[in-house]
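All of the numbers you see were taken from the coordinates with simple rules; none came from a lab. Since the structure is predicted, the reported quantities are computational estimates derived from the model, not experimental observations. Glycine also receives a Cβ, built like all others from the backbone with ideal geometry; neighbour counts cover every protein chain displayed.
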């Protein structure tokens, strides 16, 4: 199994708040997640390190020139 992170661990690694990361995940703009639980009740949301890395790389933009 790949290394899985909790939302808190992923937020810490990316230096954003847990609230912002949860919001981005809920809106479909965050990293891909694995939801563990029964039926519609999700007990735990986990993020693979690969998914988190891909999400961060996908948000990377080239540096802007200073005006």
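Taking into account only those residues within segment 41-53 that are farther than 15 Å from residue 21 by Cα and touching a strand residue (DSSP E or B) at 6+ places or on another chain (Cβ under 9 Å), which is surrounded by the fewest Cβ atoms within 10 Å (Cβ to Cβ)? Lay out the reasoning, then the answer.
First pass over segment 41-53, keeping only residues farther than 15 Å from residue 21 by Cα: 41-43, 50.
Next, from what is left, pick out any that are touching a strand residue (DSSP E or B) at 6+ places or on another chain (Cβ under 9 Å): 42-43.
Values: 42: 12, 43: 8.
So, considering only residues that are farther than 15 Å from residue 21 by Cα and touching a strand residue (DSSP E or B) at 6+ places or on another chain (Cβ under 9 Å), the one surrounded by the fewest Cβ atoms within 10 Å (Cβ to Cβ) is 43.
Starting from residues that are closer than 13 Å to residue 51 by Cα and touching a helix residue (DSSP H, G or I) at 6+ places or on another chain (Cβ under 7 Å), keep the ones in segment 22-38 and report whichever is surrounded by the fewest Cβ atoms within 10 Å (Cβ to Cβ).
The initial filter retains those residues of segment 22-38 that are closer than 13 Å to residue 51 by Cα, namely 25, 29-34.
After this cut, where a residue has to be touching a helix residue (DSSP H, G or I) at 6+ places or on another chain (Cβ under 7 Å) as well, the list is 30-33.
On the way: 30: 21, 31: 23, 32: 12, 33: 20.
Selected residue: 32.
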Query raised in the report: Which ones in segment 1-11 are more than 11 Å from residue 45 (Cβ to Cβ) and surrounded by 13 or more Cβ atoms within 10 Å (Cβ to Cβ)?
Result: 9, 11
Report summary line: The lone condition residue 14 fails out of (1) free of Cβ contacts under 8 Å to residues at least 12 places away in the same chain; (2) surrounded by 11 or more Cβ atoms within 10 Å (Cβ to Cβ) is (1)
Report task. Report the residue count in segment 17-60 for those that are within 19 Å of residue 2 (Cα to Cα), part of a helix (DSSP H, G or I) and touching a residue at least 12 places away in the same chain (Cβ under 8 Å). Result -> 7
